[in-house]
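A short worksheet on the structure shown next.
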Amino acid sequence: MALFDLRLQDVHNKLNDKEIQVSELVDASYRRIAETDSSIKAFITLDEENARRQAAELDKQLQDGTERGLLFGLPAGIKDNIVTEGLLTTCASQFLSNYNPIYDATTVAKLKSAQSVTIGKLNMDEFAMGGSNENSSFYPTRNPWNTDYVPGGSSGGSAASVAAGQVYFSLGSDTGGSIRQPAAYCGIVGLKPTYGLVSRYGLVAFASSLDQIGPLTKNVEDSAYVLQAIAGYDGKDSTSANVSIPDYTSALTGDVKGLRIGVAKEYLGEGIDPEVKEAVLNALKVYESLGATWEEVSLPHTEYAIATYYLLASSEASSNLARFDGVRYGVRADNPDNLIDLYRKSRSQGFGPEVKRRIMLGTYALSSGYYDAYYLKAQKVRTLIKQDFDQVFSKFDVIMGPTAPTTAFRIGEQVGDPLTMYLNDICTIPVSLAGVPAISIPCGSSNGLPIGLQIIGKAFDESTVLRAAHAFEQNTEFHRGRPQLG
Amino acid sequence: MSITLKDVEHVANLARLELSEQEKEQFTGQLNAILKYAEKLNSLDTEGVAATSHVLPITNVMREDVTKESLPIEKVLLNAPDEEDGQIKVPAVLE
């Protein structure tokens, strides 16, 4: 078995038993990137020199024979909108193509204290706006299962790099599905935690009331380990939740007897690919065989979720992205007439079309005379969407459905039609608006492209989500599928 | 409500974006399509429904009012496109 097919726990054991060294893991990671990334394009920046230096240092530390933490020495990739001190953080934007952060995001600091090794920064849709990685201003990432297809997005690089065996795990960010949808398209596990569970400090803000960092991994157990390392209260994030963090791996019992599953009928209706639907229904049979029960439920405001999301997220984005003015950092335009012209030229040259489109939409929705009709209205509908979930969760432990209505689409297929592109997010966006946790796990494939099962839980009940996901994985083989590469 | 090319120019100015003629036309069409889609929200009665700005039951978060060390100047200036005497330099604000 290749090193990269091992579970985190197995690699950890091998390191502790001195069967392998951190340097070998880091070598293997860069070798795999050299073999595969010319076709996948998952990375924007590699940090090879530092990673090798750190690996040598960690190997020295291993000599003393002390038991190490689980993530010790493990090669990881970080989405390029999570700031890393001294390592370029571009958000896949020309505007930040020279941005060298002077501090670490809290999640990055946590990974550093867990002593995982940062291999590099991962490609994404510019400022996390998009669902295909085609909005990267550098180059699109490609799906490791078929390089003519998108890997999903916006955490497309994070998902593709794990699927291609370049890193053991990665961090992504999810605003309307940006961890779960690429995880589904790339056949891996992606977890969006409850809003507030993981610190957003150092995550370049897109839509502050929705953004959340989470892990992308090859299996559910690894997801639990990475979540354990990054979750927790942070005084530097004013929307960080001060809740106690359970031991997530202890929830992985394999037991789902009596688990009450609600199956959202709106996620299996019109527009859902029949093969995706079939894969989800087959997954429910697996749960039934394990003693869980399921019933069809309704989230009646689902049809309003996409409109609500694009108004709220774009409004927040127009405000958040106002900071990119070319004054303190970023690429400044040449020869401006005056200060206002400097803002205007720097922004116009630095931002790509999707980013401009959303800034325009958000600015319009927040502008004088339209605020009540669009932004405030959307905030009220958000309340109704959240209530849909509250009602179902009063009777059910989890909600299940597909992660995305289809498998990955061809590169270029939906460019130029933003609205159709937005409709791909119908199964993930309502969950983001409600702020609850959800995971995508592999549950089948269609024409060689993976299908994801989405498991949605109550706020801060990641344990039940992980337990349900893990039980499925223990009884199926879907998560073992690997793309043929290199 | 339908967006005109003039609206697009106005909003671009508010957002400090300089759009080409082609971008203006494209955005006029696309924003109209998106906003038309968003009008479906109007079919919902939200009378008496509270707005959700974010899902957590937290409002104002205060920290202790204690002085802390600021970032060193050289770090702050590390990414500045232009600087002079420890300050970030920009073109003239007034003509």
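See the values below:
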| item | result |
| --- | --- |
| Percent of alpha-carbon pairs separated by more than 15 Å within the range A:1-103 | 67 percent |
| Area hidden from solvent between B and A (accessible, protein heavy atoms only, 1.4 Å, total, Å²) | 5400 Å² |
| About the Cα centre, charge dipole magnitude for the protein assembly as shown (Lys/Arg +1, Asp/Glu -1 at Cβ), debye | 440 debye |
| Accessible carbon and sulfur surface of the range A:45-142 relative to its total accessible area, %, 1.4 Å | 48 percent |
| Rounded to 5, percent antiparallel among DSSP beta bridges of the protein assembly as shown | 65 percent |
| Positive-end extreme of charge dipole, the protein assembly as shown - chosen from A:ALA264, A:ASN135, A:VAL415 (charges on Cβ) | A:ALA264 |
| Delta accessible area of at least 40 Å² on complex formation, residues of the range B:1-22, 1.4 Å probe, chain isolated as reference | B:MET1, B:VAL11, B:ALA15, B:ARG16, B:LEU17, B:GLU18 |
| Stretchable slack from A:ASN16 to A:LEU376, in nm (0.36 nm times residue separation minus alpha-carbon distance) | 124.1 nm |
| Residues along the range B:24-43 losing 30 Å² or more of accessible surface when the other protein chains are present rather than the chain by itself (probe 1.4 Å) | B:PHE27, B:GLN30, B:LEU31, B:ILE34, B:LEU35, B:TYR37, B:ALA38, B:LYS40, B:LEU41 |
| All Cα pairs of the range A:253-366, percent lying beyond 18 Å | 68 percent |
| Residue-span extension gain [A:ASP27 to A:LYS265] - 0.36 nm each, minus C-alpha spacing | 81.0 nm |
| Loop GluC sites (Glu not before Pro), the range A:16-53, which have at most 16 other Cβ atoms in a 10 Å radius of their Cβ (DSSP) | A:GLU19 |
| P(r), alpha carbons of the range A:360-486 - 10 Å bins starting at zero, rounded % | 11, 30, 31, 20, 7, 1 |
| Net charge of Cβ neighbours under 9 Å - reference A:GLY291; Lys, Arg +1; Asp, Glu -1 | -1 |
| Calculated P(r) of the range A:222-310 - Cα pairs past 23 Å, % | 54 percent |
| Environment charge of A:VAL198, counting only residues whose C-beta is closer than 11 Å and scoring Lys/Arg +1, Asp/Glu -1 | -2 |
| Per-residue ³J(HN,Hα) for the range A:337-346, Karplus 6.51 cos²θ - 1.76 cosθ + 1.60, θ = phi - 60°, Hz, x for Gly and Pro | 6, 7, 5, 4, 5, 4, 4, 5, 5, 4 |
| At q = 0.14, 0.24 Å⁻¹, base-10 log of I(q)/I(0) for chain B (Debye sum, equal scatterers on each alpha carbon) | -0.96, -1.19 |
| Interchain or long-range residues, amide H under 5 Å from A:ILE44's placed H | A:LYS121, A:LEU122, A:ASN123 |
| Cα centre as origin, Lys/Arg/Asp/Glu Cβ charges: the range A:5-92 dipole, Debye | 140 debye |
| Computed lengthening from A:LEU485 to A:SER319, 0.36 nm per intervening residue step minus Cα-Cα distance | 55.6 nm |
| Among A:VAL226, A:THR239, A:THR249 the positive-end extreme of the charge dipole of the range A:202-260 (Cβ point charges) | A:THR249 |
| Counted charge near A:ASP255, where neighbours are those whose Cβ lies closer than 13 Å (Asp, Glu -1; Lys, Arg +1) | +1 |
| Probe 1.4 Å, accessible area per residue of the protein assembly as shown, Å² | 39 Å² |
| Normalised contact order of chain A, rounded percent, pairs of Cα under 8 Å and 6 or more residues apart | 18 percent |
| Computed helical MRE - 222 nm, chain A, DSSP H runs ≥ 4 contributing -39500 (n - 2.57), nearest 500 | -11500 deg cm²/dmol |
| Two-site FRET efficiency, B:LYS6 against B:LYS36, from Cβ-Cβ distance with R₀ of 22 Å, rounded to 0.05 | 0.75 |
| Exercise: per-residue mean of other protein chain Cβ atoms within 10 Å, A:204-211 | 1 |
| All-pairs alpha carbon distance profile, the range A:335-410, 5 Å steps from 0, percent | 3, 11, 10, 11, 13, 14, 13, 10, 6, 4, 2, 1, 0 |
| Low-density loop cleavage sites - trypsin sites (Lys or Arg not before Pro) in the range B:16-82, where at most 16 other Cβ are within 10 Å (DSSP) | B:ARG63, B:LYS68 |
| Shape category assigned to the range A:181-245 from the gyration tensor of Cα positions, a/c cut at 1.5 | oblate |
| Principal semi-axes in Å for the protein assembly as shown [√(5λ), Cα gyration tensor, largest first] | 35, 31, 22 |
| Cleavage-rule hits (trypsin sites (Lys or Arg not before Pro)) in the range A:207-266: DSSP loop, at most 11 neighbouring Cβ within 10 angstrom | A:LYS257 |
| Positive-end residue of A:SER39, A:THR308, A:GLY362, charge dipole of the protein assembly as shown with Cβ unit charges | A:THR308 |
| Those residues of the range A:278-308 for which accessible area with every protein chain present is at least 50 Å² below the isolated value (1.4 Å probe) | A:TYR304, A:ALA307 |
| Nonlocal amide H pairs with A:TRP294, under 5 Å, H built at 1.01 Å | A:ILE261 |
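The values are calculated or read from the model by the stated rules, or taken from the named source; none is laboratory data. Everything numeric in this text was worked out from a predicted model, so none of it was measured. Glycine gets a Cβ as well: all are built from the backbone with ideal geometry, and neighbour counts include every protein chain shown. For the accessible areas, the whole protein counts, side chains as well, though only heavy atoms, and no ligand, DNA or RNA atoms are used. Shrake-Rupley method; radii C 1.70, N 1.55, O 1.52, S 1.80 Å.
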